[in-house]
Amino acid sequence: MEDINSNQRVKKTLAFGEPDRVPLDIGSINNTSMHVQIEEKLFEYLGFSYPGGEIVSREQQAVVPNDRILEYFGADTRSIYISDMHPWTEQPDGTFIDQWGLGLRASPDNTYFSFCSHPLASATSISDLDRYQWPDPYSENRLAGLEDRARKYAGQYCLVLEGFRESIFGLASWLRGMTEFYMDLAIRPEFAHALLDRLADFQIELTSFVIERIGQYIDVVKVADDIGTQRSLMISPDMYREFIKPRQAALYKNIREKSGCPLLLHACGSIRAIIPDLIEIGVDALNPIQVSAKGMDPRSLKETFGGKITFWGGGIDTQEVLPTGTPQQIEEEVHQNMEIFKPGGGYIFSQVHNITHDVPVENVVTMFEAYKKYAAY
Amino acid sequence: MKMSEINIVKEATIAGNMEKTVEAVEQLLADGMAPADIIQTGLIEAMAVVGEKFKSNEIYVPEMLIAARAMKAGLAKLKPLMVDEEIETLATVVLGTVKGDLHDIGKNLVGIMMEGAGCQVIDLGVDITPEKFVEGVKTHRPQFVGLSALLTTTMPAMKDTIDALSEAGLRKEVKVLIGGAPVTQKYADEINADGYADNAAEVVDRIKTMSA
């Protein structure tokens, strides 16, 4: 096979062709990256001097991985991360408010942040939604420095446009609070529809603006919307189809048409029941492929959906195997999942989710070495 | 008439219709039914059905939340009318998300199902240190301690909590139940927890089995 570069490698697999090897994603999105402490330990392990991490996902303390790491392990992707929740404003009590008015609080050991207040928690009517101060979709803040970064990597690597967050279901839950929003869906449907329509309209404006400005450099656009739990969906498939799917469909159509790029969706957990819906509304690639969740086992996913959607993730379980497995167990799982997902392309390797701070650095290195050993076609 | 009225309470609770639940409860009280009976055969039985439906994916989190809301509204009408000795408790549970972890939706659903089954639940909240759990056990003398964690990085606090209970001489006084997305039966066995469930409804089954 003639030499291909990273950009071509990822393009080929997304088109369900088999390139020279399965492409590798390290941190092109804030779900395939690593905790800043892991990056530091990797630098130390590899004998490099650590310049400090570029924390992009502040609430997970996940980094835009340093180029040294990406080059060393041979990553094929690069993130083009719009500033999604910043600026954060610090409050007197040590919490932070982001651009959406969401309150965030650090965990006691500062390893992650959680939501502690929700700007629409006390909304009771549609006129409350009208009064809410939406962020500015045209803020230049989001794009600062990105054009230079994109130009540096365009054509060489697969550039992933990241930062549109949990655009529909997730954001509605964050703005209202999970409990209130889920009850909205059940007993205040008119309000829920109004909120979701406004969210979809905002996201369409935002994505149009960003894609117009830097879409020319981009190869893949990523959005997120977590709707699964370990064993099931948070809401019923019917409720998803009534409330969420139409708005996702409108947004994803806008993204794909304006960018001309494949769409990558991040949706954690057991989401098998709606994968056909996602394919229908234009999702080209799915992340994280949480292999430990019910119904998300690699073999049956590949059998049912192989050739219809690209599996972006699923390389190794991060709930148990990566943090606590032996080197042998880690290599075995990488190998096994690789053999299942590889055939016919449509597979990009990444560990299921961000590498958390408690994972031994030897396990991380073993994983990347196993990837390298088994990635070739 | 009472039977069909009690069914109205049940069905309204299962459907998450708060207004109808309260209306039907008030009707039954007016008809002379004992509050404890309304709770047991109306609300608690309704939540048992809700639990079964949740386990089998017939309903999901929104339906469970509104059923709980309806149940609580019904309970709010009934509890003030009951003298202490009439309140039958299935078990007392001290519940919390472990140290370092701020996630609570799963824990809250567990609390809902436990209350729905007639447990007295003391929810300590999130980021609960082993010491606070020990204090909670000393104060409330529960039969069960429920530990929740969403992160692999906070799961070890479950073992720390069990160790703290042992050190305080309380381990044998309580049954420790654990749960949360990354938690497994295997992990429960490893740390000698007394039980594990992978969903909020099943926790109630564990409590009923262990209380028998």
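If only the Cβ of Lys and Arg carry +1 and only the Cβ of Asp and Glu carry -1, the dipole of segment B:92-211 around its Cα centre is close to 260 debye. Pairwise Cα separations in segment A:229-377 fall into 10 Å bins from 0 onward with the following percentages, short to long: 11, 39, 33, 15, 2. Between A:GLU362 and A:PHE48, the simple label model (points 7 Å from Cα in the Cβ direction) yields a spacing of 2.2 nm.
Peptide A:229-241 has a mean of 4 when you count, residue by residue, the C-beta atoms of other protein chains within 10 Å of its C-beta.
Projecting label points 7 angstrom from Cα along Cα→Cβ for A:LYS308 and A:ILE4 puts them 2.4 nm apart.
The ratio of the alpha-carbon radius of gyration of segment A:20-79 to the globular-protein estimate 2.2 N^0.38 Å is 1.07.
Extending 7 Å from the Cα toward the beta-carbon at both A:ARG231 and B:ALA30 defines two label points whose distance is 4.1 nm.
Computed over the Cα atoms, what is the radius of gyration of the protein assembly as shown divided by 2.2 N^0.38 Å, N being its residue count?
Working: Rg = 25.1 Å, N = 589, 2.2 N^0.38 = 24.8 Å.
Compactness ratio reported: 1.01.
Below 8 Å between Cα atoms, with a sequence gap of 6+, how large is the relative contact order for segment A:1-125 in percent? With pairs under 8 Å counted, the relative contact order is 19 percent. Going from the residue with the fewest nearby Cβ atoms within 10 Å to the one with the most, A:THR356, A:THR124, A:THR13, B:THR41 rank A:THR124, B:THR41, A:THR356, A:THR13. The Cα-based radius of gyration of segment B:25-160, divided by its Kirkwood radius, gives an Rg/Rh of 1.02. 3J(HN,Hα) couplings calculated from phi for segment B:88-104 with the Karplus curve 6.51 cos²θ - 1.76 cosθ + 1.60 (θ = phi - 60°) are, in sequence order, 8, 10, 5, 6, 9, 10, 9, 10, x, 8, 6, 3, x, 10, 9, 7, 9 Hz; Gly and Pro show x. Which FRET efficiency value, to the nearest 0.05, do you get for A:ALA376 and A:PHE16 by plugging their Cβ-Cβ distance into 1/(1 + (r/R0)^6) with R0 = 30 Å? Computed FRET efficiency for A:ALA376 and A:PHE16: 0.95. Summary value for segment B:92-211: 28 percent relative contact order, contacts being C-alpha pairs under 8 angstrom separated by 6+ residues.
Solvent-free Debye calculation, one equal scatterer per alpha-carbon of segment B:10-53: log10 I(q)/I(0) at 0.25 Å⁻¹ equals -0.83. Dividing the summed -39500 (n - 2.57) terms of all DSSP H runs of n ≥ 4 by the residue count of chain B sets its mean residue ellipticity at 222 nm at -16000 deg cm²/dmol. Remark: A:ARG176, A:ARG231, A:ARG105, B:ARG141 ranked as B:ARG141, A:ARG231, A:ARG105, A:ARG176, counting other beta-carbon atoms within 10 Å and listing the fewest first.
Only Lys, Arg, Asp and Glu carry charge here, each on its Cβ (+1 for the first two, -1 for the last two); on that basis the protein assembly as shown has a dipole of about 720 debye about its Cα centre.
Compute the Rg/Rh shape ratio of segment B:2-85: radius of gyration over Kirkwood radius, all on alpha-carbon atoms.
Values: Rg = 12.2 Å, Rh = 12.4 Å.
With Rh from the inverse mean 1/r over Cα pairs, Rg/Rh is 0.98.
By the helix-only formula, in which each DSSP H run with n ≥ 4 contributes -39500 (n - 2.57) and the sum is divided by residues, chain A has a 222 nm mean residue ellipticity of -11500 deg cm²/dmol.
With θ taken as phi - 60° and the Karplus curve 6.51 cos²θ - 1.76 cosθ + 1.60 applied, the whole-hertz 3J(HN,Hα) list for segment A:171-184 is 5, 4, 5, 5, 5, 8, x, 4, 4, 5, 5, 5, 6, 3 Hz, x standing for glycine and proline.
Between the amide H of B:VAL183 and any residue lying 5 or more places away or on another chain, no distance stays under 5 Å, with hydrogens modeled in the peptide plane. Spatial offset of segment A:316-377 relative to segment A:254-279 amounts to 23 Å, using the alpha carbon center of each. I'd like to know which of B:ALA76, A:PHE191, A:LEU102 lies farthest towards the positive end of the charge dipole of the protein assembly as shown, counting +1 on Cβ of Lys and Arg and -1 on Cβ of Asp and Glu. Farthest towards the positive end: A:PHE191. Over chain A, Cα pairs under 8 Å with separation of 6+ residues give a relative contact order of 20 percent. Put simply, when A:21-31, A:191-201, A:59-69 are sorted by average Cβ atoms within 10 angstrom per residue, most first, you get A:21-31, A:59-69, A:191-201. Highest mean packing first, where packing is the average number of other Cβ atoms within 10 Å per residue, the peptides A:292-298, A:129-135 line up as A:292-298, A:129-135.
The string of couplings for segment A:40-49 from the Karplus curve (6.51, -1.76, 1.60, θ = phi - 60°) is 4, 5, 5, 4, 5, 4, 8, x, 9, 7 Hz, one whole number per residue in order, with x for Gly and Pro. For a quick check, take a GNM of chain B with Cα springs below 10 Å and name the residue from B:MET33, B:MET114, B:MET18 with the largest mean-square fluctuation. Among B:MET33, B:MET114, B:MET18, the largest GNM mean-square fluctuation belongs to B:MET33.
P(r) tail for segment A:1-155: Cα pairs beyond 28 Å make up 38% of the total.
Please report A:ILE80, B:ILE6 as a ranked list, fewest other C-beta atoms within 10 angstrom at the top and most at the bottom. Write down the numbers at each step before the final one.
On the way: A:ILE80 26, B:ILE6 22.
Least crowded to most crowded, the residues run B:ILE6, A:ILE80.
Set the bar at 20 Å for Cα to Cα. Now go through A:LYS12/A:LYS342; B:LYS99/B:LYS172; A:LYS11/A:LYS258; B:LYS20/B:LYS77; B:LYS79/B:LYS172; B:LYS77/B:LYS208 and name every pair that lies beyond it. Display every interim value, and only then the final one.
Working: A:LYS12/A:LYS342 13 Å; B:LYS99/B:LYS172 22 Å; A:LYS11/A:LYS258 18 Å; B:LYS20/B:LYS77 13 Å; B:LYS79/B:LYS172 32 Å; B:LYS77/B:LYS208 26 Å.
Beyond 20 Å: B:LYS99/B:LYS172; B:LYS79/B:LYS172; B:LYS77/B:LYS208.
Basic side chains Lys and Arg get +1 at the Cβ, acidic Asp and Glu get -1 at the Cβ, and with that the dipole of segment A:174-317 about its Cα centre reaches some 240 debye.
Pairwise over distinct Cα atoms, reciprocal of the mean inverse distance: report the Kirkwood radius of segment A:134-220 in Å, one decimal place.
Values: mean 1/r = 0.0680 Å⁻¹.
It works out to 14.7 Å.
Grouping the Cα pair distances of segment B:92-211 into 10 Å bins from zero gives a pair-distance distribution of 15, 55, 30, 0 percent in increasing distance order.
All of the numbers you see were taken from the coordinates with simple rules; none came from a lab. Quick caveat, the model's predicted, so the values are computed rather than measured. Cβ coordinates were reconstructed from backbone atoms using ideal geometry, including for glycine residues, and neighbour counts include every protein chain displayed.
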